[in-house]
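Before any comments, here is the structure.
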Amino acid sequence: MSLRQDGKINNRRKRAEHLGPERRRPLVLDAAYELFLETGFEGTSMDAIARAAGVSKPVVYDCFSSKDELFTALLDREEERVLGETRSALLTGGGGEDPKGTLIRGFEAFLKAVADSPDVYRVILLGEGGSNEVVAARIARGIDVQAETAAEIALRWVATRPGLSASEAEATAQLLGQTIVGMAQVGARMLLRDPGRWTPAILAEKLGRMVWAARAAV
């Protein structure tokens, strides 16, 4: 694997010697990323991560107190990227002239990220190859964050309905937010389990239309 080539390891070691833990963390995460994908959570040791990063094992522990913490940080970094992309797609024009189109684009942004990093999302969404407790906590936290963004969008759809109080509008928006996230998770699982059958664009279109119809029903 390229991360293990002597030249790259030596270059990493030289850089790491002059960096503090906060600046070393991305280097360690980059090295751990490929190892986790190659050998899984159980098959990856902190010793192996240190060798791949070109640093000593104590340096790795200066950055992360345990493998669980390192693994969680890796999932955090990946999910922060995709959540940023999805949030941007949802919020841009979410209350404008084409809210249904915005919803579809939000689904597509999320599903494209899943398709681009399937091994990572098999861990995040399916719990494969990771520490079960770490993955479960990450999934729960990720769903909460996504649901908050989705509910923020949904509130724009329902807030102006006649006869609906502010508290009723908020409750309905939260329900729709959870529905949006649930449908996104379903779409991602379908992509991962049967990648030859669906594309992000086709799934996003179908999911968007289904959620838009649900919006009218509540």
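Just so you know, all these numbers are worked out from the coordinates, no wet-lab data involved. Fair warning: this is a prediction, and the values are worked out from it, not measured in the lab. Positions of Cβ are generated from backbone atoms using ideal geometry, with glycine treated the same way; all protein chains shown enter the neighbour counts.
Descriptive notes on the structure:
- Taken along the Cα-to-beta-carbon direction at a fixed 7 Å, the label points for TYR61 and ASP116 span 3.7 nm.
- Calculated FRET efficiency for the pair ASP30/GLU152, C-beta based, R₀ 22 Å, to 0.05: 0.10
- Per-residue Cβ neighbour rank within 10 angstrom, fewest leading, SER66, SER165: SER165, SER66
- The fewest-to-most ranking of GLU152, GLU80 by surrounding Cβ atoms within 10 Å reads GLU80, GLU152.
- Across region 144-218, Cα pairs under 8 Å and at least six residues apart give a relative contact order of 30 percent.
- Footprinting exposure proxy for GLU108, GLU42 (fewest neighbouring C-beta atoms within 10 Å first): GLU42, GLU108
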